[in-house]
1. When each pair of different Cα atoms in the stretch 2-112 is counted once in the 1/r mean, what is the Kirkwood radius in angstroms, to one decimal?
2. Residues with amide H under 5 Å of V78's amide H, sequence separation 5 or more or different chain, H placed in the peptide plane at 1.01 Å from N; which?
3. In 10 Å bins starting at zero, report the fraction of Cα pairs in the stretch 1-41 per bin as a rounded %.
4. Of all accessible surface on the chain at a 1.4 Å probe, what whole percent is carbon and sulfur?
5. Which FRET efficiency value, to the nearest 0.05, is calculated for F121 and D40 with the Förster distance at 41 angstrom and r the Cβ-Cβ distance?
6. Mind giving me the FRET efficiency for A69 and L192? R0 is 25 Å, r the Cβ-Cβ distance, nearest 0.05 is fine.
7. Once you order the gyration tensor axes a ≥ b ≥ c over the Cα atoms, which shape class does the stretch 80-158 get: rounded for a/c under 1.5, otherwise prolate or oblate by comparing a/b with b/c?
8. Counting only heavy atoms of protein chains, what accessible area per residue, in Å², does the chain have with a probe of 1.4 Å?
Amino acid sequence: MTGGPVIGVFALQGDVREHAHALTACGAVARPIRRPAELDDVDGLIIPGGESTTMSKLAIEFGLYDPIAKRLADGMPVYGSCAGMIMLASTVLDGRPDQRSFGAISMTVRRNAFGRQVDSFEAPVAVSGLSDEPYHAVFIRAPWVESVDPGVTVLGSITRTGADGTTAPHAVAVRQGAALATSFHPELTGDLRLHDLFVRMVRESR
């Protein structure tokens, strides 16, 4: 579809192709972002699932960290899934000492909170603003949100026993202004509702 918003996908690591396909299906123009100059022509950005410490390292090495941080500070819409959620957090628990995040959402997240790769699971999550039908969410070495500051809206939570052995509800979908994040991977499900929500957020910001 022509005339749709141009949305970049952080393409140095992670589920780039899957997010690009979902964006295209929602009427957006998807562009891989590997260099700072490529940020100049996008209306929004997705930071995909992958490995957050690797993403942090590569963003710095390829000169993308500061340009992305500036665009986000200037209000560019952004959506982070799984590792992308970690990259958007203001505080990261259980991360590497040299790991950097963008602080686009005032929240504290815990890496690998639900356990390791073998503890990956799927579960229904009711996400505010999508519909009455729960979202079939895929969690792979997923983070959860430990706490949020005022101004952050929790869109969805799940009750699960974490790696620390405790069972409690934890936020897994949040929004603050033009920044959206989920612990799970919508790009792996074929359910386009979250991508459609983000595309609408980008359209409204133009």
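The values are calculated or read from the model by the stated rules, or taken from the named source; none is laboratory data. Bear in mind the structure is a predicted one, so any value in this text is a computation, not a measurement. Please note: Cβ atoms are built from the backbone with ideal geometry, for glycine as well, and neighbour counts cover all protein chains shown. We work out accessible area using only protein heavy atoms, side chains counted, and drop any ligands, DNA or RNA first. Shrake-Rupley method; radii C 1.70, N 1.55, O 1.52, S 1.80 Å.
1. Values: mean 1/r = 0.0723 Å⁻¹.
Hydrodynamic radius (Kirkwood, Cα only) of the stretch 2-112 equals 13.8 Å.
2. Amide H to amide H, under 5 Å and 5 or more residues apart or across chains, V78 pairs with L45, A179, L180.
3. All Cα pairs, binned at 10 Å, distribute as 34, 52, 14 percent.
4. On the way: 4390 of 9170 Å².
Answer for the chain is 48 percent, counting heavy atoms of protein chains only.
5. Details: r = 40 Å, r/R0 = 0.96.
It comes to 0.55.
6. Working: r = 29 Å, r/R0 = 1.14.
Calculated transfer efficiency: 0.30.
7. Details: a/c = 2.42, a/b = 1.24, b/c = 1.95.
Oblate, since a/c reaches 1.5 and b/c is not below a/b.
8. Numbers: 9170 Å² over 206 residues.
The answer is 45 Å² per residue.
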